[in-house]
Amino acid sequence: MDYRRSYIKQLFDLAPGTEATAFGWVKTRRDSKGLSFVQLNDGSCFKDLQVIVEDGVVDAELLKKVTTGSCVAFTGLVVESPAAGQAVELKATSLEIFGEADPLTYPLQKKGATMEFLREKAHLRVRGNTFGAVFRVRNQLSQAVHQFFDKRGFHYIHTPIITASDCEGAGAMFQVTTALEHAEDGYKLARKDPADDFFGKPSYLTVSGQLDAETLALGLTNVYTFGPTFRAENSSTSRHLAEFWMIEPEMAFCSLEGDMNLAEEFLRETIQHALDHCGADLEFFNQRIEPELLKTLTHVVESGFERMTYTEAVKHLEASGENFEFPVSWGTDLQSEHERWLTEVKVGRPVILTDYPKEIKAFYMRLNDDGKTVRAMDVLAPRIGEIIGGSQREERLDVLERRILEAGLPIEAYWWYLDLRRFGSVPHAGFGLGFERLMMYVTGMKNIRDVIPYFRTPGNADF
Ligand code: ATP
Ligand code: MN
């Protein structure tokens, strides 16, 4: 056996009369008079291969082991299929069983299991239609990310996952320590002084690679990261994970306008890539998960995004007459309900909000001349709310120092970040895009736990 055998996807293109072997996991077996029909899938494409087994061709006892979830290989002849929706099927001449799946205990016996149930069987859910499709789209979108940046001359960089700079303030952090030991009666403190800890000071899992990416952009010009990011917020929503993947481009010689253009091109191009490469999977999501999915995705690719300042958005929200759970006025942070109203009701497509009050945004965002707002932008999408957060960065040393102090942050820790403004500073900008939010948008899946193979949320780090 060798990985260089063909996939089921390729088998569909073979001419009738060709001999072929199909390897995969059984979706179903149906027996009728003189014939058995087996639906086989190897993950290479959405469509199952139909295998026809005529009575007596393979040993009857062996055929009984072809049950939902079992792993098998059928060899046979590719023949034209009389069934609708498929050009060819496989007429079996022999069968090999790799792994049986006892119908009495195999957990994914029936169709129609709930998403909640499937999360508890996350190690097996990939064998079903929905999750096969999710992970194929996830692969294609990942490839699209690298292609998008490569075409534009961006360098793919790797920023650290462990960091001692608790300085970004983007979210609660997980501490990384060897000072705690796991004892039978609970945790035991092995080292009391942070100086004796592994890294010599309190260290954490990163909440964003941005600050490091900035250092690389000021030398490589255009860079991006695409890696895991961690937030220890103890909330369970359908749009937050404790471990998620973030894409963070950072561009020197770039203003907020350039940043917004890149964000818009990014979404349009990666969505187009999914439409081009995952047709059957998206068709399935359109039919079973989110009606109108294909229509909205096509619409997004074709139409520009609306751009609006935070101040304008607040005026629209105040005039909306909606009874929001959280009231809005200038200066408040927008909640998901406000973001969704703006993009779903007011605009009807993605919208980019800019120039937020400085109090609700990070210290590194460039201060506007009004002294009250910063050059921030959030891209909001229907169904999802915030999908991208970005900004032009403060490149003026004196203003940045003032902003760090105003935010009450320890300025000594930022010596290297401030060095970027001391030596060869330049206007630069970038954004962070949660890859799972993009996945939710493209697939129509409603819960972020269902677009990543193994989700990390409060209380859950299994598998
Ligand atoms: P939100 O307001 O939605 O919680 P945020 O403003 O805290 O997000 P940023 O710090 O701006 O998020 O992070 C950049 C991007 O990372 C967000 O636009 C979003 O796409 C994604 N993101 C942030 N937090 C999470 C999370 N806990 N799980 C998944 N994706 C996230
Ligand atoms: Mn944000």
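Computed from the coordinates by the stated procedures, all read-outs in this text should not be read as laboratory data. Because the structure is a prediction, the values reported are computed rather than measured. Reconstructed Cβ throughout: ideal geometry from the backbone, glycine too, with neighbour counts over all protein chains shown.
Of the GluC sites (Glu not before Pro) found in segment 268-372, those that fall in a DSSP loop while having at most 15 other beta-carbon atoms within 10 Å are Glu292, Glu322, Glu325.
Estimated at 0.36 nm per residue, the fully extended path between Gln272 and Leu14 surpasses their Cα-Cα distance by 90.1 nm. Straight-distance candidates among the lysines for linking to Lys201, with alpha-carbon spacing under 17 Å and chain neighbours fewer than 8 residues away dropped: Lys192. For Gln140, what is the net charge nearby, where nearby means another residue's Cβ is under 13 Å from its Cβ and Lys, Arg count +1, Asp, Glu -1? Its environment carries a net charge of -1. The antiparallel fraction among DSSP beta bridges confined to the chain stands at about 90%.
Label point of Ala83 set 7 angstrom out along Cα-Cβ; within segment 16-35, amide nitrogens under 16 Å from it belong to 22-35.
For segment 229-269, the set of chymotrypsin sites (Phe, Trp or Tyr not before Pro) satisfying both a DSSP loop assignment and a count of at most 12 other C-beta atoms within 10 Å is given as Phe253.
The loop-placed trypsin sites (Lys or Arg not before Pro) in segment 163-238, going by DSSP, that have at most 15 neighbouring Cβ atoms within 10 Å of their Cβ come out as Arg191, Lys192. Straight-line reach from Lys111: taking Cα to Cα under 18 Å and skipping same-chain neighbours fewer than 8 places apart, the lysines in range are Lys27, Lys47, Lys121.
Using θ = phi - 60° in the Karplus curve 6.51 cos²θ - 1.76 cosθ + 1.60, the 3J(HN,Hα) couplings for segment 384-394 round to 10, x, 5, 10, 9, x, x, 6, 7, 8, 6 Hz; x is entered for Gly and Pro. For Ser320 and Lys346, the difference between the fully extended length at 0.36 nm per residue and the C-alpha to C-alpha distance is 8.5 nm. Using the average count of surrounding beta-carbon atoms within 10 Å as a protection proxy, the listed peptides 439-446, 157-164 rank, highest first, as 439-446, 157-164. The stretch between Asp31 and Thr105 holds 24.5 nm of extra length on full extension. This uses 0.36 nm per residue minus the Cα-Cα distance. In this rough spin-label picture, where each label sits 7 Å from Cα along the Cβ direction, the Asn139-Ser6 distance is 1.8 nm.
Modelled spin-label separation between Glu359 and Asp185, with each label point placed 7 Å from Cα along the Cα-to-Cβ direction: 5.0 nm. Evaluating 6.51 cos²θ - 1.76 cosθ + 1.60 at θ = phi - 60° for every residue in segment 41-48, the Karplus couplings come out as 9, 10, x, 6, 7, 5, 5, 7 Hz, glycine and proline recorded as x. Along segment 69-79 the Karplus relation, 6.51 cos²θ - 1.76 cosθ + 1.60 evaluated at θ = phi - 60°, assigns HN-Hα couplings of x, 6, 10, 9, 9, 10, 10, x, 10, 6, 10 Hz to successive residues, with x for each Gly and Pro. Note on Glu302 and Asn234: their simple-model spin labels are 4.9 nm apart, each label 7 Å out from Cα toward Cβ.
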